Every structure is written in C-alpha cells, then in structure tokens.
Amino acid sequence: MSSSNGPFYKRGPEADGWQSFTATQATVGVWSASTQHGSPPAALLVKALEEFEPRANTRISRVVVEILGPLPVSECRLRTWVERPGRRIQLLGAELQAEGADGAFRTVAKAYGWRLETSDTSHVADAPGVVHDPLLPPHEGEPWDPAHTFGPGYISAIEWSSIRRPSRSGKPGQTWGRPRVLLVDDEPLTPLQRLFTVVDSANGIGAKLDIREWTYLNTDLTVHIHRLPEGEWIGLSAKTTAGPDGIGMCSAVIYDEKGPVGRSAQTLLISPR
C-alpha cells in the first residue's frame, strides 16, 4: 500500500475528550475541491467506534452515518460514547466536528454502531454465493484511472477495477476498490475500516445519471455487515434509483473475494447541475 498521497488523516493531540485530526488532500471529494468525500470520514468514525473501550468476542454489526453538512478539508475532532450500555449488546455513538472558515468547530457527521457479542455459528453460516450472485474477481475487471475525469483526491487514493457499468435495463453497476493510502498516519487498517474507505462510493458506482449533468449527494449511509471482509479488495454491486421528485436511493451488496459480506443503503438528493 502506497502512502505517497496520504494518509487520509494526520493525528493531532487529544484534548478534553476529543481526538484531533487534520484531513489531507487525499480526502477531497468529487463535488467540490474544498469538501471531503463521504468515505474517509465514515471510515474515521468507524475507527473511533471500534477503538472505544474494546471488548473481546464482540464486533460492530451495523453502522449508520448521518451526514449533517458539508465536510470541509480542514482540522477536525472526534468523540465517542456509549449510547446504550449492555453486556451482550451495545450501541455506540461518535461525533465528528470540522473547523470552518471562521475557526469555529461544528458537527458535520454522527455515527451509531451496534456492537454485538460473537459466538460460533460457522456450522449454519451461508456459503458464499448462496444469498447473492457472485461478483467477478478484481483481476477480471477493467482498471479505471480517475485522473482522466477527476482531479487529485479521494478517487485517486483508491485503486479501482470496474466489472460493469450500471444500465437502464436495471443491472447494477459493479466495481472493486482498495485504498492506496492508510486512514490515519501509519496505523494499520482493520477489515471494517477498509470496507468503509470504499462503501460510500456506491451511489456513484450505481448511478445511471451523468455526473457532468447531475449531482446525487447522499445524506446518510447505512451498512449491515454479516461477515467481516478478508483481503484488500472491497466489491460493490450497486443500484441507484431516482424518484420523480428529486429524491432517490442507492442500495448495494458488499463483497470480498470470497463472497458477500453485507449490504449498504444511501438516501440521495438529486439535482441538475
């Protein structure tokens, strides 16, 4: 994994219960050169949830990220708490604030994650491909160089392998991605953090609308994970649906190279440019 254009964030000192970070240019999104793509902050929130008061034999099973406003490429800070305590079931919360042009911090995103106790259910687990059709492996896809379409930033910080473009016949778009950079400094990515560095791209992968003519901003991201991903590549089979009144949604099946690992959903605000 190259770190020449990253990481996504550099860690700063902790103060008053807040972790501090500086967003780098690797977080820059496709809608504006001054705002972050949704995937890096989502992965940062997940990192905070995973690292908060860790427990043996538990893992995060579902995460909801609420995007409360534009996420500037700036200094940011993050805090985490227990929303619902419990021995076998916990709901954790995390809040991300970013520094605005006036120097004040405001809340730009929140995340909530269910942390559940694990047990051995391997003898009843679904085999890969039983629940969903298999996704062609990354080496059979077409490498996509975003430099032809987008400037430097998040899209270039991910290596992409395109399997299928979405079609108006209803077939979903299918693409693999793996981060070229780390999330925070030289800290290793966990499987769940790796997944979240890619998954907020589903609305673009599944979009039939031309990005040069339309915007389709997501206001949220919900991810259910029935199995932690293995390996570097995260695959998305995504379908975006536009309603008649400017509101749409994107749903996706999430894969590793062994098969499906979960599902995601996003609410979209669709507007002509």
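Remark on LEU183: its backbone amide H falls under 5 Å from those of PHE8, a criterion applied only to residues 5 or more positions apart or on other chains, H modelled at 1.01 Å from N.
Distant-in-sequence amide contacts of HIS226, defined by a placed amide H-H separation under 5 Å and a gap of 5 or more residues or a different chain, comprise GLY262, ARG263. Our coupling estimate for the range 72-80, obtained by passing each phi through the Karplus curve with A = 6.51, B = -1.76, C = 1.60 and θ = phi - 60°, is x, 7, 7, 5, 9, 9, 8, 9, 9 Hz, Gly and Pro reported as x. Per-residue Karplus couplings for the range 108-114, computed as 6.51 cos²θ - 1.76 cosθ + 1.60 with θ equal to phi - 60°, are listed in order as 10, 7, 10, 9, 10, x, 7 Hz, Gly and Pro entered as x.
Take every Cα pair under 8 Å whose residues are at least 6 apart in sequence, average their separation, divide by the length of the range 1-146, and the relative contact order is 20 percent. Compactness ratio for the range 27-184: Cα radius of gyration over 2.2 N^0.38 Å (N = residue count) comes to 1.25.
Per residue, the range 140-273 exposes 46 Å² of accessible surface when a 1.4 Å probe is rolled over the protein heavy atoms with every protein chain present.
Here the Kirkwood formula puts the hydrodynamic radius of the range 48-126 at 14.2 Å, using every distinct Cα pair. Here the relative contact order of the range 189-240, from alpha carbon pairs under 8 Å that lie six or more residues apart, stands at 65 percent.
Summing Lys and Arg as +1 and Asp and Glu as -1 over all other residues whose Cβ lies under 10 Å from the Cβ of ILE205 gives a net charge of +3. Charges were assigned to the Cβ only: +1 to each Lys and Arg, -1 to each Asp and Glu. The resulting dipole of the range 7-55 about its Cα centre is roughly 200 debye. For the chain, carbon and sulfur atoms together expose 52% of the accessible surface, with a 1.4 angstrom probe and every protein chain in place.
For the pair ILE211 and ARG164, the difference between a 0.36 nm per residue extended length and the Cα-Cα distance amounts to 15.2 nm. Using θ = phi - 60° in the Karplus curve 6.51 cos²θ - 1.76 cosθ + 1.60, the 3J(HN,Hα) couplings for the range 248-263 round to x, 8, 10, 10, 8, 9, 9, 10, 10, 6, 8, x, x, 10, x, 9 Hz; x is entered for Gly and Pro. Using only side-chain charges placed at the Cβ, +1 for Lys and Arg and -1 for Asp and Glu, the dipole size of the chain relative to its Cα centre rounds to 560 debye.
Give me log10 I(q)/I(0) at q = 0.12, 0.19 Å⁻¹ for the range 188-273, Debye formula, one equal scatterer per alpha-carbon, no solvent. Treating every Cα as an identical point scatterer, log10 I(q)/I(0) equals -0.36, -0.78. With the biggest extent put first, the Cα atoms of the chain measure 53, 53, 40 Å across the principal axes. When you count the other C-beta atoms within 10 angstrom of each residue and take the mean per peptide, 41-52, 90-101 line up highest first as 41-52, 90-101.
Tell me, what is the percent relative contact order of the chain, built from C-alpha pairs under 8 Å that lie six or more residues apart? Relative contact order comes out at 19 percent. Think of it as helices only: each DSSP H run of n ≥ 4 in the chain is worth -39500 (n - 2.57), and spread over all residues that comes to -2500 deg cm²/dmol at 222 nm. Scanning residues 5 or more positions from VAL108 or on other chains, those with amide H under 5 Å from its amide H are LEU96, GLN97, ALA98, with H placed 1.01 Å from N in the peptide plane.
The values are calculated or read from the model by the stated rules, or taken from the named source; none is laboratory data. It should be emphasised that the depicted structure is a prediction, and the values quoted were computed from it without experimental measurement. Note that we place each Cβ from the backbone using ideal geometry, even for glycine, and neighbour counts take in every protein chain shown. The accessibility values were calculated without ligands, DNA or RNA, using every heavy atom of the protein model including side chains. Shrake-Rupley method; radii C 1.70, N 1.55, O 1.52, S 1.80 Å.
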